[in-house]
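As structure tokens, the structure follows; a few thoughts come after it.
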Amino acid sequence: MTDNTQKENYFNCPIWIEQKPEFLNLALAGSERHVKEAKKNNKELIKSTKDFGFSHHSGPLQTDPVFKIITNYIGQRSWEFLDAQGFDLKDHTLVFTEMWVQEFAKNGGGHHDTHVHYNNHVSGFYFLKCSEKTSYPIFHDPRPGATMTKLPLKDPQAISDGLEAVNFKVTPGTMIFFNSYMPHQYAVDHGKEPFRFIHWNIQAIPNMAFKPIGQA
């Protein structure tokens, strides 16, 4: 860049990361029943794989009253997350489409390939059991054009405008918010320590969608 060059950054992809240890004990205790139920449902799979290579995925948490204080907080922060990006939400209502807890297989191999959550607007994680020895989330550049024309990086480990992926080392109590269009994955877990987290998806629904057909 020259001295008279002005740099502007547009089309940014925000990720909000915060520490919420005050929810940790409630979430750990509340999720225990759901994880046990998931493991019960996976009894045959655990037996055939020796609990390796997959994750124990619960049913919906957003309707469990135990998690009400957490869902209220996530809902409010999700609204603020979209509002901060300049979106006008006055004619929309945010609703949970999904919220679940999952724990990776005890003996390792648990992971998630790169994916997005279509037809949603805010996704997020709340980490309950994790360490430097467990899996971690990885986010990818969501711009197809940038991926198609990607050039080699001088230093793939450096934070730069050409970066194609970024990962975060998380701790229990870490909460992450991101736009649902952002591709993400989980690194392969080695089964050295337990890895458990809550995941959710939220959709902004137009208020008109709640009105009966024919109603003005």
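Tell me which helices (runs of 4 or more DSSP H) are completely within the stretch 1-113 and hold 3 or more residues being under 21 Å from M175 (Cβ atoms) and touching a residue at least 60 places away in the same chain (Cβ under 8 Å), or say none if there are none.
Output list reads 24-41, 68-84.
Filtering the stretch 137-146 for residues that are in a loop (DSSP other than H, G, I, E, B) and under 14 Å from the mean Cα position of the chain (by Cα) leaves an empty set.
Which one of D155, D161, D113, D189 is crowded, with 18+ Cβ neighbours inside 10 Å and of a type in the set (D, E, K, R)?
D189
Among the residues of the stretch 109-164, those identified as within 30 Å of A29 (Cα to Cα) and among the aliphatic types (A, V, I, L, M) are V116, V122, L128, I138. In the stretch 126-147, the residues that are of a type in the set (V, I, T) reach residues that are part of a loop (DSSP other than H, G, I, E, B) and surrounded by 19 or more Cβ atoms within 10 Å (Cβ to Cβ) with C-beta atoms within less than 8 angstrom, at least six apart or across chains, in these pairs: T134/D189; T134/F195. Exactly one residue among I138, I69, I74 is farther than 22 Å from M182 by Cα, modelled with pLDDT of 95 or more and either surrounded by fewer than 17 Cβ atoms within 10 Å (Cβ to Cβ) or in contact with a Phe, Trp or Tyr (Cβ under 9 Å, 6 or more places away or on another chain) (or both), and that residue is I69.
The values are calculated or read from the model by the stated rules, or taken from the named source; none is laboratory data. Since the structure is predicted, the reported quantities are computational estimates derived from the model, not experimental observations. No Cβ is skipped: glycine too gets one built from the backbone with ideal geometry, and neighbour counts run over all protein chains shown.
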